[in-house]
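Let me begin by presenting the structure, written as structure tokens, before commenting on it.
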Amino acid sequence: YPSPLTFKPERWVPFKKPSSYEFPVFQAGYRECLGRDMALFEAKLVTASLIQRFAFTMKPEEARKVSYTLMLTMSLETRDPGTNKKSFNMWLRAHPRPGHPSIA
């Protein structure tokens, strides 16, 4: 990857699954990371926990930037109204769910 130490999230958009031998996080072959399945499970667990404890709403200024495209799977694309630049980010607000125990 060119300039690997630079933060460039756009290098992953549109997402194309890299080869397991190419993606450096978990590697592949006989040196495959033993904690890969655990790390993916933890990411799912944190996501489920957040969804259970919080309701998420879209910021009002984000709603007018969203457009949907028809594909086999639904794709979400936003555009900056000022520059018309394409983005795949959506900013949400988290609100604690009523009646759910607070997070300690």
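Considering only residues of segment 39-48 that are at pLDDT 90 or above and of a type outside the set (Val, Ile, Thr), which is most open to solvent (accessible area, probe 1.4 Å)?
Here the answer is 44.
Just name the residue that is modelled with the lowest pLDDT out of those in segment 60-75 that are open to solvent by 60 Å² or more (accessible area, probe 1.4 Å) and assigned to a loop (DSSP other than H, G, I, E, B).
By that ranking, first place goes to 74.
Taking the stated definitions as given, is residue 78 within 30 Å of residue 4 (Cα to Cα), open to solvent by less than 90 Å² (accessible area, probe 1.4 Å) and modelled with pLDDT of 70 or more?
no
The values are calculated or read from the model by the stated rules, or taken from the named source; none is laboratory data. Keep in mind that this is a model prediction, so the values were computed, not measured. Ligands, DNA and RNA are excluded from the accessible area calculation, which covers all protein heavy atoms including side chains. Shrake-Rupley method; radii C 1.70, N 1.55, O 1.52, S 1.80 Å.
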